[in-house]
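See structure below.
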Amino acid sequence: MTQSTDAASLMDDADIDAWWEEGADITGRLVAAIAVASRAVPAFNARYDADRQTFEPLPTVDLGIVIETEAGVEVPVLTDVGHKSIAEIRRELNALRMVIETRSPSPSVTLVNFGRGPCRYATLPIVPPQVAIIAAGQMLLQPVRHGSRTVNRRFLPLTLTYDVRASTLLGATRFLGALKADLANRDLPLARGWHE
């Protein structure tokens, strides 16, 4: 069995100024926004079997989180993130490092947050049978025209790498657009009924 991907990438910046403050849980918000975007565009929360050429949308968002350890890179999974609050997501993220030796189930989509590094974007490999991986780079201030003046707003660089056999470019732009729109929203997703 040979699994492969046929990948393409989209990159853009998400305006997070509406909710960002010192100590804000950017990874928790990213996890929640990926769940919201996966609900809006289900083709990105799916598995594609290249040998059988079958595509399977998944009922829950089981998000792989790339964590670098002294032993190498691990990808533990947060299961069913679409039904969890930001506080629950944060508790599970904190617990991941303690139980990283435990083998996790296969993720439906993966998040890599390398925001502490000096880079903005990264095109990363998709691990079959997943069809998408999202990378978040270092937050930055960008000048934005606001009426007659220019103000600095915080933006989070995002890269969506996806398997073109599972979605079209239009689907990819819709997914990235839904992700950006959720990250721009001041209200937490759970308060907006994101899990219903």
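Couple of notes before you dig in:
- All alpha carbon pair distances within the range 50-92 were sorted into 10 Å bins beginning at 0; the resulting P(r) in whole percents reads 23, 35, 30, 11.
- In a DSSP loop and with at most 13 other Cβ atoms within 10 Å, the trypsin sites (Lys or Arg not before Pro) in the range 1-95 are 52.
- Result for the chain in a Gaussian network model with C-alpha springs under 10 Å: among 148, 106, 38, the largest mean-square fluctuation is at 148.
- Our summary gives the range 68-161 a relative contact order of 22 percent, counting only alpha carbon pairs under 8 angstrom and 6 or more residues apart.
- Across the chain, the relative contact order, built from alpha-carbon pairs under 8 Å that are at least six residues apart, equals 33 percent.
- Along principal axes, Cα extents of the chain, largest first, whole Å: 59, 39, 36
- The chain: most fluctuating residue of 70, 56, 92 per GNM, C-alpha cutoff 10 Å: 70
- Gaussian network model of the chain, springs between alpha carbon atoms under 10 Å - residue of 68, 88, 22 with greatest fluctuation: 22
- Euclidean distance of C-alpha centroids, the range 106-133 and the range 28-47, integer Å: 13
- Projecting the Cα atoms of 122, 144, 42 onto the dipole axis of the range 7-184, where Lys and Arg carry +1 and Asp and Glu carry -1 at the beta carbon, places 144 farthest toward the positive end.
The numbers here are math on the coordinates, done by the rules we state, and not lab data. All of these numbers come straight from a predicted model, not from anything done at the bench. Virtual Cβ from ideal backbone geometry, glycine too; neighbours counted across all protein chains shown.
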